[in-house]
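Here the structure comes first, spelled out in structure tokens, and everything after it is commentary.
The values are calculated or read from the model by the stated rules, or taken from the named source; none is laboratory data. None of the values given here were measured: they were computed from a predicted structure. Here the Cβ positions follow ideal geometry from the backbone for every residue, glycine too, while neighbour counts run over all protein chains shown.
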Amino acid sequence: MRVDNLIPFAKNYSSNAFLLRGDFNALADLNTLIDTGRDEMLFENIETINTGLGKKAIDQIILTHCHYDHTGLLNKLKANYGSKVYAYSNHISGVDKLLTDGEYLKIANDVGMIIHLAGHSADSIAIYCFD
């Protein structure tokens, strides 16, 4: 799996946003964005990455929690890429599927396990990839 930070040096108050891609951009791989951040540089940076011929640049978005610095570009990304959105919280507009603790989800060319980590926020999650 390859990991690219699409917001490495935010110009405003923003989290990072990580794009996870399969090793070979196979059609079966799911290009997965972890958090959206809120810095528009994400759109410039994603255009510089080979996300696979005939594939969506972002198949799915997983939000680690509901704070605005992690979700700010969600509606724009969903509109631009038609991505499916996952989150642990139903307090976020635009979420397609709620995640549960211990759930498995395909991420890039791997499988990740969702781990609920309430603390920073009640809906915080981590994703453990086995490979």
All positions within the stretch 1-15 that are in a loop (DSSP other than H, G, I, E, B) and out of contact with any helix residue (DSSP H, G or I) (no Cβ under 6 Å at 6 or more places or on another chain)
M1, P8, F9, A10, K11, N12
Does G37 satisfy the condition of being within 23 Å of G22 (Cα to Cα), small (G, A, S) and under 13 Å from the mean Cα position of the chain (by Cα)?
yes
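Output the number of residues of the stretch 1-54 satisfying the condition of being touching a Cys at 6+ places or on another chain (Cβ under 9 Å) and either without any contact (Cβ under 8 Å) to a residue 24 or more places away in the chain or more than 16 Å from K106 (Cβ to Cβ) (or both).
Kept after step one, since they are touching a Cys at 6+ places or on another chain (Cβ under 9 Å), are these residues of the stretch 1-54: 1, 20.
Now restrict to residues that are either without any contact (Cβ under 8 Å) to a residue 24 or more places away in the chain or more than 16 Å from K106 (Cβ to Cβ) (or both): none.
Within the stretch 1-54, residues that are touching a Cys at 6+ places or on another chain (Cβ under 9 Å) and either without any contact (Cβ under 8 Å) to a residue 24 or more places away in the chain or more than 16 Å from K106 (Cβ to Cβ) (or both) number 0.
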Exactly one condition in (1) among the β-branched types (V, I, T); (2) out of contact with any Asp or Glu (no Cβ under 9 Å at 6 or more places or on another chain); (3) over 15 Å from S124 (Cα atoms) is not met by T32; state its number.
(2)
State yes or no: is Y88 closer than 15 Å to S124 by Cβ and in contact with a Leu (Cβ under 8 Å, 6 or more places away or on another chain)?
yes
Only unsatisfied item for N90, checking (1) modelled with pLDDT of 95 or more; (2) surrounded by fewer than 16 Cβ atoms within 10 Å (Cβ to Cβ); (3) assigned to a loop (DSSP other than H, G, I, E, B), is (1)
What is the one condition in (1) in contact with a His (Cβ under 9 Å, 6 or more places away or on another chain); (2) under 16 Å from F18 (Cβ atoms) that C66 does not satisfy?
(2)
Members of the stretch 93-131 that are out of contact with any Ser or Thr (no Cβ under 9 Å at 6 or more places or on another chain), under 25 Å from F24 (Cβ atoms) and not in a loop (DSSP other than H, G, I, E, B):
Y104, D110, V111, M113, Y128, C129
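Answer yes or no: is there a residue in the stretch 20-43 that is in contact with a strand residue (DSSP E or B) (Cβ under 6 Å, 6 or more places away or on another chain) and among the β-branched types (V, I, T).
Kept after step one, since they are in contact with a strand residue (DSSP E or B) (Cβ under 6 Å, 6 or more places away or on another chain), are these residues of the stretch 20-43: 20-22, 29-34.
Add one more test, that the residue is among the β-branched types (V, I, T), and what stays is 32, 34.
Within the stretch 20-43, one or more residues are in contact with a strand residue (DSSP E or B) (Cβ under 6 Å, 6 or more places away or on another chain) and among the β-branched types (V, I, T).
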